[in-house]
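Asker: For reference, the structure I am asking about is given below.
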Amino acid sequence: MPLLLRFAALLRHSLRQHSRALVAEQVQQQVNINSASASEIAASLKGVGLKTAQAIVSYRDANGAFQSLDALTMVKGVGRKTVKKNKQHIVFE
């Protein structure tokens, strides 16, 4: 019986973690890459910390607005994988 109880507790824990991950995914909001601050970008995009977000803003300031997702890969620290996992959250308006 104790083994069954441990299994049930492990299952409940796993389900809670999965539910939290789903909620976090739903909370992630869109970010206008051409007007957002570095802190807004870092908070909105997975795998993008403040340093990379600052590089995005610096690149934008020096080169003008981003016109496509591919243009983001020109920023040091932003690769195709990062763009791919965030593409539904990036807008250019």
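The values are calculated or read from the model by the stated rules, or taken from the named source; none is laboratory data. What you see is a predicted model, and the numbers here were worked out from it, not measured in a lab. Every residue, glycine as well, gets a Cβ built from its backbone with ideal geometry; the counts of neighbours run over all protein chains shown.
Asker: Name the residues in region 71-92 that are under 15 Å from residue 32 (Cα atoms) and loosely packed, with under 12 Cβ neighbours inside 10 Å, would you?
Answerer: 87, 88
Asker: Further question on the same structure: Report, by residue number, each residue of region 44-57 that is closer than 13 Å to residue 33 by Cβ and among the small types (Gly, Ala, Ser).
Answerer: 44, 53, 55
Asker: Now a separate question. Looking only at region 41-85, count how many residues are touching a residue at least 12 places away in the same chain (Cβ under 8 Å) and among the acidic types (Asp, Glu).
Answerer: Here the count works out to 1.
Asker: Spot the failing condition for residue 29; the list is (1) assigned to a loop (DSSP other than H, G, I, E, B); (2) more than 15 Å from residue 90 (Cα to Cα); (3) of a type in the set (S, T, N, Q), and only one is missed.
Answerer: Residue 29 satisfies every listed condition except (2).
Asker: Looking only at region 43-64, which residues are assigned to a helix (DSSP H, G or I), in contact with a helix residue (DSSP H, G or I) (Cβ under 7 Å, 6 or more places away or on another chain) and at pLDDT 95 or above?
Answerer: Once the filter is applied, which keeps residues that are assigned to a helix (DSSP H, G or I), in contact with a helix residue (DSSP H, G or I) (Cβ under 7 Å, 6 or more places away or on another chain) and at pLDDT 95 or above, region 43-64 yields 50, 53, 54, 56, 57.
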